[in-house]
Amino acid sequence: MLIRLEKMKLNLSSYNKKKLFIPLLLLAVFLCMCVFMYIINPVYAEMQEIYFYDLNGNRMTGSYIEGTKGEGAILVADKGQDMSYYLNMAQALNKQGYSVMIYDLPGQGRSQGAYTTSFYEDNSAAMQVYSAMLAFSQLCSLPPANIHYIGHGFGARAVLQACAVDYIKPVSITLINPEINFSSTIFERLPILADDTKLAWIENLTNNISGIDVHIINTAAEKKIGSQLEEILGANNSTTLTDESVIIEPYAPLSSKIIDDVVSHLCQVSAWTYNTANSINIIYNIMLLLMLAFIFIFAVACKKAFESYESNFDIYKTNLSMKFYLYKLLFWVPAFAVGALGFAFAFLIPIDYPIQSALITFIFGAYGAVMIFVYVYSNFAKDAGAGMFKDEERTNWLSGVFVFIIFIIILKMFGHFGLYYMFPFAQRWIWFILFSIFNSLTFLVADREFTVLYPNRISKIKIILCGILPFILFALIFFLLGIPAMAITLFTAAIWIVLVILFGRILEELKIQIFIAAFLQGILFTMLLLSSGIMIA
């Protein structure tokens with residue numbers, strides 16, 4: 001009998017080693033795909049990182065790519081945005097022959113300093129545009145009169161102000177959803193909501209800006225502001241107003257339609273032939289989808305490779321009742337309330353962070369907190385109680401760190417952590433750790449439900465569906481309401497939740513300590529949230 005048991009263990013060990021070959025093969029294929037993505041998207045390889053100082057002494061970080069013709073373009077980001085968001089536009093402009101420069105505002109991305117609301121009243125933002133122009137002129141040896149300026153949100157305001165106070169003399173300016181308010185509000189003491197018409201540089205827009213080609217891009221919701229700007233600037237300038245049906249939303253990448261409008265208009269101003277080249281972009285997007293599928297396949301293959309022999313006895317596991325799932329779905333109601341309150345409190349401090357990722361984190365974390373409270377202080381799990389969050393068999397942690405590092409490398413190759421750079425410069429690690437802790441609570445609950453309640457495979461799938469169903473439903477609602485950016489964000493978050501739960505199953509098979517495993521899952525989910533915006537282009 002002992003000999004038979006030893007042979008079974010030997011065969012099982014050999015079988016798992018054979019299974020381990022599949023994820024290793026998938027990993028090798030995935031790395032080859034990453035290299036291919038890097039090659040077909042030359043902007044990532046050719047753009048060089050640059051540094052310059054603004055007039056306040058802050059070291060600004062930017063990216064630059066040299067063009068083949070005698071004109072250039074400076075992209076000025078919106079507040080809270082990382083310059084990675086504009087790489088697709090930089091690539092499109094460079095393909096037409098423009099030299100291109102992008103830079104992060106102070107306190108945003110990797111630029112030093114701090115973003116403050118005083119930027120709405122003083123000339124700091126305009127001075128940063130002027131400093132960027134000086135650095136760009138030296139890099140590409142172009143005269144200031146051969147430079148186009150493209151501003152998004154607050155960046156559009158900065159470009160307009162730099163023109164108004166005569167810091168720059170551009171060929172053209174493109175203003176995407178310019179953050180300007182032409183009406184009085186009851187919150188006039190808050191610069192972000194103040195009546196901008198009381199500012200001296202806006203009062204003299206008509207007289208101070210002349211002989212420039214102005215292109216204004218607005219959504220239908222902001223059409224009034226675009227029309228007012230067109231009326232003010234149209235007297236002495238060639239002005240074009242484009243109304244976009246696509247939502248131009250903070251913390252969401254610019255759509256290909258907007259990029260196409262901007263680039264084609266600049267080519268028209270420069271009297272160049274606009275060459276559309278969408279084939280590479282199509283290949284790039286297809287490869288992104290394939291890579292996403294590979295990540296799921298890789299996670300499943302790893303789960304199978306590390307799966308223990310006992311886990312195959314699904315017949316002896318529990319089929320949880322429908323009432324259990326209904327209660328789990330009902331617990332989302334208090335979670336939404338608690339999460340929304342936490343988000344509102346943090347937002348009113350105020351803190352500049354990626355709003356969509358923060359909202360998902362607060363509500364998702366609140367659901368975990370509610371479930372932990374229910375399990376510990378009620379008989380929801382019958383006799384499990386507080387013991388649900390104890391596991392003396394899982395004491396390993398080194399293997400979890402090793403597997404986690406592999407996932408970090410894959411994620412780093414797959415996307416840029418653009419949203420991470422949207423946290424205030426001095427608070428990034430604090431908020432990243434807090435977001436990871438919030439997110440880890442729900443993954444801790446899922447981990448313990450899979451182990452302590454001993455559910456069968458169908459029950460596990462239903463538990464996962466209880467965790468992602470609200471995201472899918474609200475994604476559909478936002479899509480029907482015409483807010484595709486938020487819908488895509490929620491749907492992507494649901495995909496990430498499933499992927500991270502699979503990662504948690506690998507950590508379980510490796511006997512990683514439950515709280516360490518939950519925290520690693522929280523970190524991974526936070527990183528996925530903070531990088532997904534770059535992948536949706």
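Every number in this text was worked out from the coordinates using simple rules, so none of it is lab data. Model, not experiment: these values are computed from the prediction. Because the Cβ atoms are built from the backbone with ideal geometry, glycine has one as well, and the counts that use them run over all protein chains shown.
Ordered by residue, what ³J(HN,Hα) values in Hz, to whole numbers, does segment 87-98 give under the Karplus form 6.51 cos²θ - 1.76 cosθ + 1.60, where θ = phi - 60° and Gly and Pro are x?
5, 5, 5, 4, 5, 5, 5, 5, 4, 7, x, 7
Residues with amide H under 5 Å of ILE50's amide H, sequence separation 5 or more or different chain, H placed in the peptide plane at 1.01 Å from N; which?
GLY62, SER63, TYR64
Can you order the peptides 129-142, 225-238 by their average number of other Cβ atoms within 10 Å per residue, highest first?
So the order, starting with the most tightly packed, is 129-142, 225-238.
Distance in nm between label sites at MET322 and ARG59, each 7 Å beyond Cα in the beta-carbon direction?
Between MET322 and ARG59, the label points sit 6.3 nm apart.
Output wanted: per-residue J couplings in Hz (rounded whole) for segment 140-156, from phi through Karplus 6.51 cos²θ - 1.76 cosθ + 1.60, θ = phi - 60°, x for Gly and Pro.
The phi angles translate into 9, 6, 10, x, x, 6, 9, 10, 9, 10, 10, x, 10, x, 5, x, 5 Hz.
Under the rule of at least 5 residues apart or a separate chain, name every residue whose amide H is placed under 5 Å from the amide H of ILE209.
Answer set, sorted by chain and number: none.
Quick one: of LYS69/LYS257; LYS69/LYS224; LYS304/LYS390; LYS79/LYS328; LYS169/LYS257, which pairs are farther than 32 Å apart, Cα to Cα?
LYS69/LYS224; LYS79/LYS328
Test of understanding: ordering MET371, MET388, MET287 by Cβ neighbours within 10 Å, fewest first, what list do you get?
MET287, MET388, MET371
Tell me which residues come under 5 Å, amide H to amide H, from LEU199 once H is placed; ignore anything under 5 positions away on its chain.
none
Peptides 257-269, 85-97: what's the order by average Cβ count within 10 Å, highest mean first?
Highest to lowest by the protection proxy: 85-97, 257-269.
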